[in-house]
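Bear in mind these aren't lab numbers, they're just calculated from the coordinates by the rules spelled out. These figures come from a predicted structure and were not determined experimentally. Backbone-built Cβ (ideal geometry, glycine too); neighbour counts: all protein chains shown.
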Amino acid sequence: MLAPFLIMLREGLEAALIVGVIASYLRQTGRDGWLPAIWIGVLLAVAASFAVGAALEFASAEFPQKTQELFEALVGLVAASLLTGMVFWMRKAARTIASDLRHSVDEAFATGSGAWGLVAMAFFAVAREGLESIFFLLAIVQQSPGPGAALGALAGVAVSVAVGYAIFHGGARIDLRRFFRWTGVLILIVAAGLLAGVVRQLHEAGLWNLLQTLAYDLTGVLPVSSPVGAVLAGLFNYHDAPTVGEAAVYVAFLAVTLFLLLRPHAPAPASQAATPVQPARVRP
């Protein structure tokens with residue numbers, strides 16, 4: 001339940017920031033009448049995300065057992081890839097996203113695309129986060145069935161909406177750079193667990209039979225069925241008896257991605273200095 005909450009909180013806040021920057025800029029430039037185009041794009045993106053999720057779930061129900069395992073492995077791989085891409089995209093884009101979005105709004109009006117341009121901007125911003133969320137939730141539900149994932153996801157969306165509202169209308173101040181940095185660390189740990197699960201599912205599908213000896217066995221110390229084990233499994237996809245292949249993928253992925261995420265940013269040239277993400281009263 002904790003992992004879906006964390007992912008949906010971050011995904012929802014990213015979408016809220018992007019949409020909020022566009023909406024705030026329209027207000028600042030006296031274009032309030034174009035705001036409905038933004039909400040149309042948001043609603044279309046939400047509907048498209050749900051449609052993709054329903055189609056994938058319906059299709060997977062028709063697969064035989066081994067094909068089902070392969071499908072789950074592919075969903076887990078896509079989910080881990082999208083989560084990793086999300087983390088590094090925001091690391092790179094956070095310093096310039098506000099100015100880039102404002103430039104895109106001005107360009108939409110300059111080229112005459114107007115409403116359609118705004119609809120497209122909002123649609124692609126929210127659809128990107130929505131599709132990432134759909135693949136992630138499918139992977140989590142397939143590896144950990146039960147109502148916890150759905151409840152955690154709904155709670156994450158609710159909190160992200162509340163935080164977004166507080167930022168844009170209530171004057172709340174959040175250190176967004178630090179927020180995205182440390183939630184990025186947790187999300188990479190979740191992605192590592194998904195990739196370890198992919199190795200397990202490929203073995204169950206009969207496609208991977210290497211490195212199948214146990215790396216360690218904690219079933220007598222910290223089983224997944226215990227309260228702490230259940231929490232670790234829900235948050236980090238913890239497994240009490242992983243194979244060498246699963247453990248190797250987990251450790252190698254984290255070693256590379258955490259190094260790349262936590263290394264200092266290269267200083268931007270003065271000519272490319274850009275506005276950080278700071279719609280309304282957000283402190284970067």
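Put +1 on the Cβ of every Lys and Arg and -1 on every Asp and Glu Cβ in the stretch 2-268; which of Leu258, Gly245, Ala153 then has its Cα farthest towards the positive end of the dipole?
Leu258
First select every other residue whose beta carbon is under 11 angstrom from the beta carbon of Arg200; then total the charges, Lys and Arg +1, Asp and Glu -1. Display every interim value, and only then the final one.
Details: positive: none; negative: Glu69, Glu72, Glu204, Glu246.
So the environment of Arg200 carries a net charge of -4.
Going by how many other Cβ atoms sit within 10 Å of their own, how do Arg177, Arg128, Arg263 line up, fewest first? Before the final figure, lay out each step's value.
On the way: Arg177 17, Arg128 20, Arg263 9.
Going from least to most buried by this count: Arg263, Arg177, Arg128.
Could you let me know the centre-to-centre spacing of the stretch 204-226 and the stretch 1-55, using Cα atoms, in angstrom?
A separation of 40 Å, based on Cα centres.
In nm, what is the difference between 0.36 nm times the number of residues separating Ala255 and Trp89 and their Cα-Cα distance? If you can, show how the numbers build up before the last one.
Details: separation 166, 0.36 × 166 = 59.76 nm, distance 1.87 nm.
Gain on stretching Ala255 to Trp89: 57.9 nm.
Using the count of nearby Cβ atoms within 10 Å as a rough guide to exposure, how do Phe5, Phe136 rank from fewest to most?
On the way: Phe5 23, Phe136 29.
So the residues, fewest neighbours to most, are Phe5, Phe136.
Under a point-charge model restricted to the Cβ atoms of Lys and Arg (+1) and Asp and Glu (-1), what is the dipole moment magnitude of the stretch 2-268 relative to its Cα centre, in debye to the nearest 20? Don't jump to the answer; show the numbers that get you there.
Working: 15 positive and 17 negative charges, 193 e Å.
For this selection, approximately 920 debye.
State whether the stretch 2-268 is rounded, prolate or oblate according to the following rule on the C-alpha gyration tensor (a ≥ b ≥ c being the square roots of its eigenvalues): a/c under 1.5 gives rounded; otherwise a/b larger than b/c gives prolate, and the remaining case gives oblate.
prolate
If you stretched the chain out fully between Leu35 and Ala158, how much longer would it get, using 0.36 nm times the residue separation minus the C-alpha to C-alpha distance? Provide the component values of the computation, followed by the final result.
Values: separation 123, 0.36 × 123 = 44.28 nm, distance 2.22 nm.
Stretched out fully, the Leu35 to Ala158 stretch lengthens by 42.1 nm.
How about the stretch 189-255: which chymotrypsin sites (Phe, Trp or Tyr not before Pro) there are in a DSSP loop, with at most 13 other Cβ atoms within 10 Å of their Cβ?
Numbers: sites: Trp208, Tyr216, Phe236, Tyr238, Tyr250, Phe253; in loops: Trp208, Tyr216, Tyr238.
Of the chymotrypsin sites (Phe, Trp or Tyr not before Pro), the ones in loops of the stretch 189-255 whose Cβ has at most 13 other Cβ atoms within 10 Å are Tyr216.
Order by neighbour count: Arg200, Arg102, Arg10, fewest other Cβ atoms within 10 Å first, most last. Intermediate values should be presented prior to the final figure.
On the way: Arg200 22, Arg102 18, Arg10 25.
Least to most surrounded, the residues fall as Arg102, Arg200, Arg10.
Length gain on complete extension for the stretch Ala241 to Lys66, per 0.36 nm per residue less the alpha carbon to alpha carbon distance? Can you show the working numbers first?
Numbers: separation 175, 0.36 × 175 = 63.00 nm, distance 2.19 nm.
That works out to 60.8 nm of additional length.
List the residues whose amide H sits under 5 Å from the amide H of Thr243, counting only those 5 or more places along or on another chain, with H placed 1.01 Å from N in the peptide plane.
Ala215
Per-residue HN-Hα couplings for the stretch 250-258, Karplus 6.51 cos²θ - 1.76 cosθ + 1.60 at θ = phi - 60°, whole Hz, x for Gly and Pro?
Using θ = phi - 60°, the values come out as 4, 5, 5, 4, 5, 4, 6, 6, 5 Hz.
Determine ³J(HN,Hα), in whole Hz, for all residues of the stretch 115-129 in sequence, where each value follows from phi through the Karplus function 6.51 cos²θ - 1.76 cosθ + 1.60 and θ = phi - 60°; x replaces Gly and Pro.
Couplings: 4, 5, x, 5, 4, 5, 4, 5, 4, 5, 5, 6, 4, 4, 5 Hz.
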